[in-house]
Amino acid sequence: EYIDSYYFNQVEHIRFNSTVGKYVGYTEYGVKNAETWNKGSELAQELGALERYCKHNAANHYSAVL
């Protein structure tokens, strides 16, 4: 699971969660930006990071844990 969170003054405003597959806003400001980011290139960048880093390295990390 890949999670990318954005905080300001110790308050979480926006989170990308790979399970959900999109940005989710937790404040009024965060909801507005999450809607914009889900329509733009930011979502494609996060999905690219998921494919490039997480899925590629998951097998390596899993075998190291075992």
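Hey, what angle do you get for helix 28-39 against the long axis of the chain, alpha-carbon based, 0 to 90 degrees rounded to 10?
Taking Cα atoms only, the helix is inclined about 60 degrees.
Return one number: the angle in degrees, 0 to 90 and rounded to the nearest 10, between the long axis of the Cα atoms of helix 55-65 and the longest principal axis of the Cα atoms of the chain.
Roughly 60 degrees between the two axes.
Taking every pair of distinct Cα atoms and averaging 1/r, then inverting, what Kirkwood hydrodynamic radius in Å comes out for the chain?
12.7
Test of the criteria: in the chain, which GluC sites (Glu not before Pro) are in a DSSP loop and have at most 11 other Cβ atoms within 10 angstrom of their Cβ?
Passing both the DSSP loop test and the Cβ count: GLU1.
To the nearest 10 Å², what's SER41's accessible area with a 1.4 Å probe?
Solvent-accessible area, nearest 10 Å²: 70 Å².
With the full set of protein chains in place, find how many percent of the accessible area of the chain is carbon and sulfur; take the probe as 1.4 Å.
Working: 2710 of 4990 Å².
Answer for the chain: carbon and sulfur cover 54 percent of the accessible area.
The values are calculated or read from the model by the stated rules, or taken from the named source; none is laboratory data. Owing to the predicted nature of the structure, the values given are computational and were not obtained by experimental measurement. Neighbour counts are summed over all protein chains in view; Cβ atoms, including those assigned to glycine, are modelled from backbone coordinates with ideal geometry. What goes into the accessible areas is simple: the full protein's heavy atoms, side chains included, and nothing from ligands, DNA or RNA. Shrake-Rupley method; radii C 1.70, N 1.55, O 1.52, S 1.80 Å.
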